[in-house]
Amino acid sequence: MEEAITMMPSGHDKRRKKDGGLLLGRFEVGKLLGAGTFAKVYVARDVRTDELVAIKALDKESILKSGLVAHIKREIAILRRVRHPYIVQLFEVMATKTKIYFVMEYVRGGELFSRVSKGRLLEDTARRYFQQLISAVAFCHARGVFHRDLKPENLLVDDHGDLKVSDFGLSAVAEQMRGDGLFHTFCGTPAYVAPEVLSRRGYDGAKIDVWSCGVILFVLMAGYLPFHDRSIVAMYRKIYKGVFRCPRWFSQDLVHLLHRLLDVNPQTRITIPEIMENPWFRKGFRHVRFYIEDNQLHSIDDPQDYPEDDQLQNNEPKPDETYESGSESDCSVASCPPTFSDEQHHHPLPRPPSLTAFDIISFSRGFDLSGLFEETEEMTRFLSKEPVSQIISKLEEIAKVVSFKVRRKDCRISLEGTREGEKGPLTIGVEIYELTPSMVVVEVKKKAGDGQEYEEFCIKELKPGLQHLVYESPPVIKTTSNMS
């Protein structure tokens, strides 16, 4: 470990039990990273994996007294929905009688603010951080999540120099909008708040995040705030009027972008897609590509994340197109890059994992196996006597028709849509198990995306396409004997 952990005195925290000083029997707690009104954040070591994590401890009694239960639940749901390489990851949530614990990714590099406080950044460095910030914010907005408190203090930097957006405590989701389609809660940090928030007449969550990103970009490049005054009232007046001056070292492209970002009129303010097309922004920009599997983020740019038998397909991608997805569940999957090899059909498929009697029983409710291969709301199972290679080929054929991407590992297949939505693109997982040497069980289930879209896809594409592969057992003829 690169960082020594100083253990807290045994009497410091009543959470420690008879487990040798480990929190929840698993975490060796170290120094305090920060504290707020209702929470404290510590660095800790997971003794099972020897990895460092950040643990946010919240007091249940304080939360209940302050009426923040719904707020905490919403924060958990948001963190599960926005799993992205440039967003601090929530690993799990645990609780005792008195505390709630968020176990989160530990970002060693600290706040971006500490770097800016030493002086302005080089243009290429500032641009890279801004590109990563916009990538993360775009991902959130596509899933109906608005941060509402973006500032350098809430942006962390990891060991690789990559940005991590943190602190979604003031975030909101689209469902919280009023009938006018706007938010009305006054929130944010004074120097980074958008003028329409100050007017208290309602605001668009996406528009105010863009404004905050503009203030952040100015700070990164200038080393100071665009709107500043010792009097907060005077500062609000400057923000409301949009009065700021760019330093002489700003290029014309950057000045133009900043005036679009810090446009006091939210209707004409630049949008995220427009930012991504801006000449200053696009210099050296690369879309982040990743997928989530086994509750872990995997970067597509890193070859070691791919076993040799992983085969990827891309159905006529557009240049520089980003394929990402996410949902409130922990099984959201993002599509892989455009790397297709015709050699995939020359590699022998591994044998599907076999099902035991216990596996089969676990598929069914109780011990009644009559409904074993029927459907549930978001999952279908069926029997097939067809070769595994033929089943996979048919799935790839269906995916091609609807422009879905395919990712395969052994006998697990992911069909991944590209259409964005609040819950991300539709992602369907297919797993094939061996029941007998001549028969397999095919399990199809929704992994991410909208349930209605999944249902329509199953009815219109999946079921008709796979119908001829389904094995239907002959009817059982019941006979009765007459006892004389």
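What follows is calculated from the coordinates using simple rules that are stated; it is not laboratory data. Computed from a predicted structure; not experimentally measured. As a convention, Cβ positions derive from the backbone with ideal geometry for all residues, glycine included, and neighbour counts pool all protein chains shown.
Return, for the Cα atoms of the stretch 27-105, the radius of gyration and Dmax in Å, separated by a comma.
12.8, 37
With viscosity set to 0.692 mPa s and temperature to 37 °C, compute the Stokes-Einstein D of the stretch 85-191, Rh being the Kirkwood radius across alpha carbon pairs; µm²/s, no decimals.
Estimated via Stokes-Einstein, D reaches 211 µm²/s.
Pull out the extension gain between ARG286 and GLU461, defined as 0.36 nm times the separation in residues minus the alpha carbon to alpha carbon distance; nm, one decimal.
Result for the pair: 59.6 nm of gain on full extension.
Suppose R0 equals 41 Å. What FRET efficiency, 1/(1 + (r/R0)^6) with r the Cβ-Cβ distance, do PHE113 and GLU453 give to the nearest 0.05?
0.50
Choose one of LEU170, GLN267, TYR224: the residue whose Cα lies farthest towards the positive end of the charge dipole of the stretch 112-282 (beta-carbon charges +1 Lys, Arg; -1 Asp, Glu; about the Cα centre).
About the Cα centre, the residue reaching furthest to the positive side is TYR224.
For the pairs LYS151/LYS283; LYS207/LYS409; LYS97/LYS446; LYS118/LYS238; LYS164/LYS283; LYS73/LYS445, note any where the Cα-Cα span goes beyond 30 Å. Each step should come with its number before you reach the end.
Details: LYS151/LYS283 23 Å; LYS207/LYS409 40 Å; LYS97/LYS446 34 Å; LYS118/LYS238 25 Å; LYS164/LYS283 21 Å; LYS73/LYS445 26 Å.
Check vs 30 Å cut-off fails for LYS207/LYS409; LYS97/LYS446.
Which cross-chain or sequence-distant (5 or more) residues have an amide H under 5 Å from the amide H of LYS447, H modelled 1.01 Å from N in plane?
THR427, ILE428, GLY429
Spin-label point model (7 Å from Cα, Cβ direction): what's the GLU277 to SER251 distance in nm?
Simple spin-label model gives 2.0 nm for this pair.
Which ³J(HN,Hα) values in Hz, rounded to whole numbers, follow from the phi angles of the stretch 265-276 under the Karplus curve 6.51 cos²θ - 1.76 cosθ + 1.60, where θ = phi - 60° and Gly and Pro get x?
After applying 6.51 cos²θ - 1.76 cosθ + 1.60, I find 8, x, 6, 9, 4, 4, 9, 4, x, 5, 4, 5 Hz.
Give the long-range amide H neighbours of ASP162: residues separated by 5 or more places, or on another chain, with amide H under 5 Å away, using H modelled in the peptide plane at 1.01 Å from N.
none
Once you have the Cα-Cα distance between THR98 and VAL401, take 0.36 nm times their residue separation minus that, and quote the gain in nm to one decimal.
Result: 103.7 nm gained on full extension.
Exposure proxy check: GLU416, GLU105 ranked by fewest other beta carbons within 10 Å? The partial results should precede the final answer.
Details: GLU416 27, GLU105 18.
Fewest-to-most Cβ neighbours within 10 Å comes out as GLU105, GLU416.
In Å and from the alpha-carbon atoms only, list the Rg and Dmax of the stretch 112-282.
Cα radius of gyration and Dmax of the stretch 112-282 are 15.1, 45 Å respectively.
For TRP211, TRP249, what ranking results if the residue with the fewest other Cβ atoms within 10 Å of its Cβ goes first?
The most exposed by this proxy come first: TRP249, TRP211.
Going by how many other Cβ atoms sit within 10 Å of their own, how do PHE244, PHE102 line up, fewest first? Let's see the in-between values first.
On the way: PHE244 18, PHE102 21.
By the 10 Å Cβ count, ascending: PHE244, PHE102.
If I model a spin label at VAL470 and LEU182 as a point 7 Å from the Cα along the Cα→Cβ vector, what separation in nanometres do I get?
The answer from the label model is 5.1 nm.
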